[in-house]
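The values are calculated or read from the model by the stated rules, or taken from the named source; none is laboratory data. A quick note: this is a predicted structure, and the numbers were derived from the prediction, not measured. No Cβ is skipped: glycine too gets one built from the backbone with ideal geometry, and neighbour counts run over all protein chains shown. In case anyone asks, the SASA skips ligands and DNA or RNA and just uses the protein heavy atoms, side chains included. Shrake-Rupley method; radii C 1.70, N 1.55, O 1.52, S 1.80 Å.
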Amino acid sequence: GAGADNDLYINQAIVFIEDAIRYRSINHRVDSKSLWLYRWYYSRTCQWILGLTITVILALAFIEEPSSLTVTSDVRFRLPAWSPPCGLTESIELLCFLLFLLDVSVKSYLIGWKEFWKNKWLMAYILTLIVSLADWIVSLSFFCKESVRIRRILRPFFLLQNSSMMKKTLKSINSTLPEMASVVLLLAVHLSLFTMFAMLLFARTKDNQQDKEWVVYFRNLPDSLTSLLVLLTTANNPDVMIPAYSKNRAYSIFFILFTVLGNLFLMNLLTAIIYNQFRGYLLKSVQSSLFRRRLGIRAAFEVLSSLKETPASAQQSCVSVGALLQVLQKAEMDSRCKQAIMRTLKMCSCDQLSAAQFQKLFEELDKDAIKQHPPSPEYQSHFMQKMQFAFGHPYFGYLGNVVALANIISICVVLVMDADKQPSERDDFFLGAINCFFILYYLLEMLLKILAMGLKRYLSYPSNRFDGLLTVILLILEIATFSVYGFPHPGWRPEFMGLLSLWDMVRLVNMLIVFRFLRIIPNMKFMALVVTTLLDLVKNLRAFAGILVVVFYAFAITGIMLFKGAVVPLGNTSAANTTHDNGTLQCGTYEQLEYWPNNFDDFAEKCVISWCSAHFQAVLFTASLMYCHVHLICRWAKIYFVAWWLISSVIWVNLFVALLLENFIHKWDRRCQRESLSDIEYQRTVELMFRDVLEEPTEEELMEKLHQHPHLQLCR
């Protein structure tokens, strides 16, 4: 009947608007049962369960064999780790796989059979599950004793396929690869040519004393390539040059030319290309997100215009205000946007909305989120008004910053004076007394600010919440210290009591005081701009971080499979060959630098190694690991380390620099254009970052896409 049709149209509009808000595709089933299933699947509870399942299956790597549950990863001191019994982690895995099977089944049903065959991600999802289940069965067949588990490497795919933004970011990175490949190829040509020159320049001669360069760095083609590749990262500079340079200073020209062309020109050119290309592809991705939002809003308009209560005499499609209000009340959306749209509707004098008016209403979703601070209290007393003016003035905050700086300086002076003293010789009286004085001032400052601003306004500022929380913690620690060790006095060195010694309590208080000094950031505009840029990166670029987790995880599991147990302490056969005839260790080697905790024996340690190696400045660390494992296993181990260096230090760090630059430049431009309003905070998303340069889709494009919908039949 008409009532049932109207209910269906209302539910379709609700789902389409929720799709538009979250930039989801509208190409799914739109019948009543499917809409209920669709909303249940994308509910917070269901998505939370799915996210928890992904987290659990990724976290299994920390407790599986080889387990990371040890105090230290140093092979010299590490005790045998606890290993879970066979079937424990496998049972958890099976439960996760069953949930993933339910997930892929629901997704496949909702988009329909025809769309399923077009969706490569869903097909890859099913293939990953099949391979994982097959590998799981093999594990049980071998009673969990098999050395290689393919499903571990496939686990990051579950994280990747669950995020549409991660898929878009990956697509953007994939589109950038051809341009990056051209520079990487140029780097390879540069490296190959200079390798040939080096092998000709430093060829073996009759004089063994003059062949140090050949013996150490350029004995053969693989060693020559490796030496210059490490030189490209500056990790072995100037070590690689010294033997030849001591023979003839003219050899330095070769190494200087190689470094200038490779490191200064080609590597920085790669950064510029990545920034330019990735920004363009990210812009296209955001443009497609905008199209999805506009398409979802237009789809909601079209189904609402099909309601029976819409006047048949209308020359063009329109939607009643009442129907839209009914949809807004049921739709899950930000309360700020919902209230703004409903206020606009109530002020609207017309009863029907055209397509343009309908679309304009939902432009509220694209606006900056504005947070206004509550007003200050109004005091009747003249004295209280003067107090409010004095303690609410910015100069009072500046005074607090000066006092905090004085506290930091006093702590530094005491630490310098007591640096060489034994704990028994240290007098904690002075440090305890000044800490007591400054903490009382911080408490007084917080109370006076609350008096001037009011509690709600005080807590509305993040800097005040940060400052107040640390002040309360410092006060609690100070009271605990006095209750256990008494008040400060000359020669204040009581015996150890409770959980922490007096010196530990004082150190903890001092660390919090130093951390509290970060309160100065909001008062320094340029520093605040830098900090907000970093915070925006954390909030808005979760997809980028997710792909980083995927890459880290895959390389960590691969490293464990390849190099587990390769590093053993000195004195064993494997490590004895790394020493020289005189028993001393070569400078810069894995053993001489005591990198024993950095190995591939468990997942947690491999994650630490990957993080340390990902920084361009840590290439010496990567080079030491590479030389160690090449010596212990085989020359082909170089491929793993070079691949990780290319992906992490060359490509990934440059991608992050590109995104950081884009975010900072955008914020700088906005700072120059927008007036500084003390009572207003603007919160932006990565979509809004490109809002000024995005193109609005035309009505023809929207209607053409809607008519191609596999499950929605429009009346016109």
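Here are the numbers:
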quantity: Portion, in percent, of the accessible area of the range 43-162 that falls on carbon or sulfur, probe 1.4 Å; calculated: 73
quantity: Cβ-based net charge around ASP19, under 10 Å, with every Lys or Arg adding one and every Asp or Glu removing one; calculated: +3
quantity: For the range 43-162, the Rg and Dmax computed from alpha carbons only, in angstrom; calculated: 16.7, 59
quantity: Out-of-range pairs (alpha-carbon distance over 24 Å; input LYS386/LYS456; LYS206/LYS247; LYS120/LYS638); calculated: LYS120/LYS638
quantity: Average projected area [Cα convex hull, the range 170-283], square nanometres; calculated: 7.5
quantity: Å³ per residue enclosed by the Cα convex hull of the range 139-235; calculated: 190
quantity: Separation in nanometres of the label points that stand 7 Å from Cα toward Cβ, at THR234 and GLN316; calculated: 6.2
quantity: Integer Hz, Karplus 6.51/-1.76/1.60 couplings in order for the range 10-18, x for Gly and Pro; calculated: 5, 5, 5, 5, 4, 5, 4, 5, 5
quantity: Accessible area of GLU700 in the full protein assembly, 1.4 Å probe (Å², nearest 10); calculated: 130
quantity: Net charge of neighbours whose Cβ lies under 9 Å from the Cβ of LEU470, counting Lys and Arg as +1 and Asp and Glu as -1; calculated: +1
quantity: Overall Cα dimensions of the range 24-102 - principal axes, largest extent first, Å; calculated: 64, 24, 19
quantity: Estimated inter-spin distance, LYS456 and GLU363, nm [label 7 Å along Cα→Cβ]; calculated: 3.2
quantity: Relative contact order (%) - criterion: Cα under 8 Å, at least six apart; region: the range 43-162; calculated: 24
quantity: Unsatisfied cross-links (Cα-Cα over 20 Å) in the set LYS171/LYS284; LYS284/LYS705; LYS118/LYS167; LYS167/LYS564; LYS171/LYS360; LYS33/LYS360; calculated: LYS167/LYS564; LYS171/LYS360; LYS33/LYS360
quantity: Packing-based ranking, highest mean first, of 154-167, 353-366 given that Cβ atoms within 10 Å are counted; calculated: 154-167, 353-366
quantity: Where labels lie 7 Å past Cα in the beta-carbon direction, separation of LEU186 and TRP121 in nm; calculated: 3.4
quantity: Square roots of 5 times each gyration tensor eigenvalue, C-alpha, the range 152-199, largest first, Å; calculated: 36, 15, 4
